[in-house]
Amino acid sequence: MESKLIPWSPSEAEEYYGFKRWGGNLFSVDEEGFLNAHPMGDERKIRLYDVIKEAESMGLRPPMTIRVQDILRSRVIQLNKAFRAAIKEENYDGKYQGVFPIKVNQLREVIEEITDAGEEFDYGLEAGSKPELLIALAQLENKKALLICNGYKDDDYIRLAMLGQLLGKQTIIVIEQLDEVDRIVRLAKEMNCVPAIGFRVKLTTSGEGKWAKSTGEHAKFGLTPGEIIAAAKKIKRAKMSHCLKLLHFHIGSQVPNILTIKSACAEAAHFYCELYRMGFPMGRIDVGGGLGIDYDGSRSNYESSMNYTMEIYARDVVSNIKSVCDDADVPHPTITSESGRAIVAPHSVLILDVVGKIVTADNSEVPLISHKKDRIVKDLEEILKHPSNYSLLERFHDAGAKRSDAHQLFQHGRLSLENRAEADRLYWQICRQIHRALPALGGNIPEELTCLDAMLSEQYVCNFSVFQSLLDSWAIKQLFPFAPIHRLNEKPTVPATLVDITCDSDGKIDEFVDFEDVRPTLDLHPLKCGEPYYLGAFLVGAYQDIIGDLHNLFGRVNEVHVFLDDEEESGFYIEETIEGYSIKKILEMIQYNASDLCRLAKRQVDAAIKEKRVKAREGVSLLDLYEKLIAGKSYLLSPAGRAKSKRRKK
């Protein structure tokens, strides 16, 4: 039964869904109930609903990724200005020169926008594999910008990095393993190249959050103190001391606690100063990644949050390196960071359309039987009709016990199906009655009754695959903010969880960001027959675009790239659209040829016609359907979308 629509203010919507907490000044709700993006953090805005409608007029429907490209530019500018301000405030003698780690989002449009925005700051790129290095060598044309080469390296990787050096790029090969030193020395002679080299050090400072185990003494990458001494000796023997240009460390991705970052910077600075004393005036220290995103808006050291801002991060990095260097009387080095998540996560919004719902609790108010009621059914009716006779907790316990008894009797053949169904219906009515009374208790809700939100929730079926578009949600339980992008002037009255359209039971979202804790449900709006209902998954621009797989053979979703434009009435323009994968393309990716499949299908249709199981005309139609669908998309076409398709054809 649909709830009555209750007016809701933009401020109430912003508070409940947390737009201002996790989104900062990037999102707002207008008086008409639509969500707007503010790419540059000012009054200029893009209504996301309008972007969807314009994309639909171009033939693209959700699921859809909206890339607000101006956000990439604003984040690059914000990071560089934060470090410039910190350097000035701390009287730091060095400078900042950052790089973007390509692994966080390798898409061409993302890399191009970042390098363009970073041109004035000599903002570079970081690569961790040969394919990424090939991208970086071609895309990074600014000869003053750094190109940091991380990861395990074979001879071809090292040759490729040295090619960048020979082309005049500021390429630095970071040594992750001791045996890389000998190969770099050998290949430098072979290619007649003077390489720029960095050492990656394993710190004893441990990371925090989901990636804590990627750091410390048992980390996958980096040199121990003993290996650093051995590597330094090898470089001296090769008369290449002047080639050591950088000290690098990484404390893990999404570090929630600023104290961890401060400690790591101080420890790494001591390594830097010791190497300086050993005769290696490197000039650069790379603090790696770790700058977080406040996914839940709590501004805490919870793993999906961060207890600092970008500006605090920059100031603490600068001040801790400066303090150690000053104490050791060592010149201040140029500071590099490899912030990826903080740059790209906010720019991407995954738009989902809700195509249906699954109701676990029986919402019927109409009795299923009028006579031959079992005693258990009558007892449940008494609990429902006389709520004042019991406390809320007593009613919950008694109703649960009666329902359990009904199930036991049914299993032993001593209760009819009608009575079993009526017992269930009454039980859920009692639960809803108790749930409605909970607000009157204020903060004194018994713990056992806090489960009612989840028990009474509906499952909204969303047209997407968790494993393709939000893999981190499944793989590492990363929390992402979710919210409707329209109808935000109506109070949401349906506690819900989200499920995708895959056949996997793990394809669901049942944990949602909250200010103090994790919510088991998210309040959404009742679905309206024939009208689309769009939800957004936010802060998904880091990693999700690349690491998604082809589970159930759902491919990449449609994509639109949006820019601000003051001359447009809507305030934006769509610069580029990218169609999601067709079924044909997905099949080719797993070594199926669409033509071969159509031929095999035709052979079976011909056999069915010969055996008179289908008529010839029906066989032709069936084959046409098969060929049409193999060229189509894997995602569902909602009823609203089907109606629009038919109107376009007419």
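The values are calculated or read from the model by the stated rules, or taken from the named source; none is laboratory data. What you are looking at is a predicted structure, and each value in this text was computed from that prediction instead of being measured. Counting neighbours? That spans all protein chains shown, and the Cβs are built from the backbone with ideal geometry, glycine included.
Give me a count of the residues in the range 347-382 that are part of a helix (DSSP H, G or I) and in contact with a Leu (Cβ under 6 Å, 6 or more places away or on another chain). Lay out the reasoning, then the answer.
Going through the range 347-382, the residues part of a helix (DSSP H, G or I) turn out to be 347, 375-382.
Those left that are additionally in contact with a Leu (Cβ under 6 Å, 6 or more places away or on another chain): 347, 380.
Adding up the residues that qualify gives 2.
Give me the residue from the range 440-466 that is surrounded by 12 or more Cβ atoms within 10 Å (Cβ to Cβ) and among the acidic types (Asp, Glu) and, out of that set, nearest to Asp398 (Cα to Cα).
It comes out as Glu448.
Test Gly290 against the criterion of being surrounded by fewer than 23 Cβ atoms within 10 Å (Cβ to Cβ), touching a residue at least 60 places away in the same chain (Cβ under 8 Å) and either of a type outside the set (S, T, N, Q) or closer than 17 Å to Asn150 by Cβ (or both), and give yes or no.
No, not satisfied.
To keep it simple, each residue is scored yes or no on (1) at pLDDT 90 or above; (2) within 30 Å of Arg44 (Cβ to Cβ).
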| site | (1), (2) |
| --- | --- |
| Glu576 | yes, yes |
| Asn593 | yes, no |
| Leu600 | yes, no |
| Gln604 | yes, no |
| Ala631 | yes, no |
| Leu636 | no, no |
| Arg642 | no, no |
| Arg648 | no, no |
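Name the pairs: first residue in the range 468-479 and assigned by TED's automatic domain parsing to the domain that holds Thr502 and surrounded by fewer than 21 Cβ atoms within 10 Å (Cβ to Cβ), second residue outside any loop (DSSP other than H, G, I, E, B) and not β-branched (Val, Ile, Thr), Cβ to Cβ under 6 Å, at least 6 apart or on different chains?
Close Cβ pairs satisfying both conditions: Ile476/Lys210.
Those residues that are over 18 Å from Ser469 (Cβ atoms), polar (S, T, N, Q) and either buried (at least 21 other Cβ atoms within 10 Å of the Cβ) or not assigned by TED's automatic domain parsing to the domain that holds Ile509 (or both), I need them from the range 535-583; list them, please.
none
Pick out the one residue from Lys262, Lys233, Lys239 that is assigned to a helix (DSSP H, G or I), without any contact (Cβ under 8 Å) to a residue 12 or more places away in the chain and either more than 24 Å from Leu146 (Cα to Cα) or out of contact with any Leu (no Cβ under 8 Å at 6 or more places or on another chain) (or both). First the steps, then the outcome.
Details: Lys262 fails: without any contact (Cβ under 8 Å) to a residue 12 or more places away in the chain; Lys239 fails: assigned to a helix (DSSP H, G or I).
Being assigned to a helix (DSSP H, G or I), without any contact (Cβ under 8 Å) to a residue 12 or more places away in the chain and either more than 24 Å from Leu146 (Cα to Cα) or out of contact with any Leu (no Cβ under 8 Å at 6 or more places or on another chain) (or both) holds for just one of Lys262, Lys233, Lys239, which is Lys233.
I want to confirm something. Restricting to the range 1-31 and keeping residues that are among the acidic types (Asp, Glu) and closer than 27 Å to Ser457 by Cα, which single residue is modelled with the lowest pLDDT?
Here is the first cut: in the range 1-31, the ones among the acidic types (Asp, Glu) are 2, 12, 14-15, 30-31.
From the residues that got through so far, the ones that are closer than 27 Å to Ser457 by Cα too are 2, 12, 14-15.
Values: Glu2: 46, Glu12: 95, Glu14: 95, Glu15: 94.
Only one residue fits best here, namely Glu2.
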